[in-house]
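To start, the structure itself, in structure tokens.
The values are calculated or read from the model by the stated rules, or taken from the named source; none is laboratory data. Note that the structure is predicted; figures quoted are calculated from it, not measured. When we count neighbours, we look across all protein chains shown, and the Cβ atoms used for this are built from the backbone with ideal geometry, even at glycine.
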Amino acid sequence: MSHSLVADALYSAHKARATGQLTLHAGGRQARLFLQEGNLVGTQLGFGFQSPAQALLQSGRVGPEALDALWARGGAGAPDEDLLEVLGMGQEAVVELQVLAHVRRLSQLAEASAFEPGVVEEMFRPIPGTRVVRAALEPVKAQGAAARVYRCGDVAACGPWISDEAERGFLETLGGFRQPEGLTPAREALLQVLGREGLVESLSVEEWEERERARIAEEARLAEEARLAEEARLAEEARLAEEARLAEEARRAEEARLAEEARLAEEARLAEEARLAEEARRAEEARLAEEARLAEEARLAEEARRAEEARLAEEARLAEEARLAEEARLAEEARLAEEARLAEEARLAEEARLAEEARLAEVARLAEVARLAEAARRA
């Protein structure tokens, strides 16, 4: 069974937080991995055993020289206390490394598997499912493969699968597609599991180069489209600006035409007002001239009337004087008798004459006042 299929089984158990045993088969032998909520809590090996020294070697904690020294001291199966002190590790840490080494070897050798849910007994401190899955994906020896490029867009989301800050820094270098240098088995396994999680994208170099060529071509196409769109936009802006300029010129021309029409209409209105004022002035002058003429005629008529009245009065006076003279001549004889009566009559006649003259003078004055008031009213 390929190591990726063992990793699939462990990955599924981890994601489901499954509890039970995963039985692996190889050459008629069996090995069991006991899982509790997706974490590894025990093993029962019929194959795939790895010694603590092999686990330290695979993890990079010791080199071949240190392993040779263990062999020389007869402790190739397990590190002694002196070595653990040098490594700064405890026995539990060594057990965990050994269990992960078992998983790597089982992943390489197993030919079939079956998972059986159920209660399991904890044999050692639980090892997180993330570390177990990574160990199953990690080859025991570096395997030649086609060069690939990787990209990690969200390093923070990868936190559960990262074992230390060095791995975090490694992922942060993959912000864009690139081919990692000096890729270790552990980091290769990390990239594989993150690829399963959808947190890392992976392409062969050929696919990436093809994608890059397509991307560059697409960017060139989009740049050309953007350039043409910009040219079209500028042309449209120029057209709209020209239309706006022509519309502004037309508006100004229309305003000028309307202003000229308004000016000519105002001039015509003022000319008409001047003409009407002139006509009114002339009509007023004609009216005043006519009133003056009528007043003059009335004055002359009044003067003629008064002259006629004076003439008639004079004639009456002269006739009266003649009559009186005649009466005096005829009545001379009775003058003395009649003198007093005649004198009285003469006095009364004189008073009547004076009263008549005063009446006529008053009538003339009132007529003059009425004429002047009529003239003032008409003016």
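Can you tell me which of (1) in a helix (DSSP H, G or I); (2) in contact (Cβ under 8 Å) with a residue 40 or more places away in the chain; (3) surrounded by fewer than 16 Cβ atoms within 10 Å (Cβ to Cβ) is the one residue 130 doesn't meet?
Here residue 130 clears every test but (3).
Which one of these is under 60 Å from the mean Cα position of the chain (by Cα) and not hydroxyl-bearing (Ser, Thr, Tyr): 270, 276, 312?
270
Assuming residue 86 fulfils every condition listed in (1) at pLDDT 90 or above; (2) among the β-branched types (Val, Ile, Thr); (3) exposed (fewer than 15 other Cβ atoms within 10 Å of the Cβ) apart from one, which condition is it?
If we test residue 86 against (1) at pLDDT 90 or above; (2) among the β-branched types (Val, Ile, Thr); (3) exposed (fewer than 15 other Cβ atoms within 10 Å of the Cβ), just (1) comes out false.
Which members of region 92-124 meet the condition of being touching a helix residue (DSSP H, G or I) at 6+ places or on another chain (Cβ under 7 Å) and not β-branched (Val, Ile, Thr)?
Within region 92-124, 97, 98, 100, 101, 104, 106, 107, 108, 110, 113, 115, 124 qualify.
Being surrounded by 13 or more Cβ atoms within 10 Å (Cβ to Cβ) and part of a helix (DSSP H, G or I) is the filter here; which residues of region 318-334 pass it?
320, 324, 327, 328
What are the pairs with Cβ atoms under 8 angstrom where one residue, in region 156-174, is more than 17 Å from residue 134 (Cα to Cα) and the other, located anywhere, is at pLDDT 85 or above and among the hydrophobic types (A, V, I, L, M, F, W, C)? Sequence gap at least six, or different chains.
Pairs that qualify, where the first residue is more than 17 Å from residue 134 (Cα to Cα) and the partner is at pLDDT 85 or above and among the hydrophobic types (A, V, I, L, M, F, W, C), are 172/152; 172/155; 174/152; 174/200.
Could you check region 4-29 and list, in sequence order, the residues that are assigned to a strand (DSSP E or B) and either touching a residue at least 24 places away in the same chain (Cβ under 8 Å) or among the acidic types (Asp, Glu) (or both)?
Of everything in region 4-29, those that are assigned to a strand (DSSP E or B) and either touching a residue at least 24 places away in the same chain (Cβ under 8 Å) or among the acidic types (Asp, Glu) (or both) turn out to be 20, 21, 22, 23, 24, 25, 26.
Report the residue count in region 180-196 for those that are charged (D, E, K, R) and surrounded by fewer than 16 Cβ atoms within 10 Å (Cβ to Cβ).
Of the residues in that region, 1 qualify.
Give the residues of region 282-339 that are hydrophobic (A, V, I, L, M, F, W, C) and either in contact with a strand residue (DSSP E or B) (Cβ under 6 Å, 6 or more places away or on another chain) or under 17 Å from residue 373 (Cα atoms) (or both), sorted by residue number.
288, 289, 292, 294, 295, 298
Filter region 175-209 down to residues that are in contact with a Gly (Cβ under 9 Å, 6 or more places away or on another chain) and β-branched (Val, Ile, Thr) and give me whichever is farthest from residue 59 (Cα to Cα).
So, considering only residues that are in contact with a Gly (Cβ under 9 Å, 6 or more places away or on another chain) and β-branched (Val, Ile, Thr), the one farthest from residue 59 (Cα to Cα) is 200.
On the basis of being charged (D, E, K, R) and under 42 Å from the mean Cα position of the chain (by Cα), does residue 196 make the cut?
Against the criterion (charged (D, E, K, R) and under 42 Å from the mean Cα position of the chain (by Cα)), residue 196 does not qualify.
Restricting attention to region 38-59, and to residues there that are free of Cβ contacts under 8 Å to residues at least 40 places away in the same chain and not in a strand (DSSP E or B), which single residue is farthest from the chain's Cα centre (by Cα)?
Among those residues, the one meeting the criterion is 46.
Among 182, 176, which is the only one that is in contact with a Lys or Arg (Cβ under 9 Å, 6 or more places away or on another chain) and at pLDDT below 85?
Result of the check over 182, 176: 176.
Residue check, residue 174 against (1) in contact with a Cys (Cβ under 7 Å, 6 or more places away or on another chain); (2) in a helix (DSSP H, G or I), all met but one. Which one?
(2)
Given the criteria closer than 19 Å to residue 137 by Cα, modelled with pLDDT of 85 or more, assigned to a helix (DSSP H, G or I) and among the small types (Gly, Ala, Ser), does residue 198 qualify?
Spelling it out, it is not the case that residue 198 is closer than 19 Å to residue 137 by Cα, modelled with pLDDT of 85 or more, assigned to a helix (DSSP H, G or I) and among the small types (Gly, Ala, Ser).
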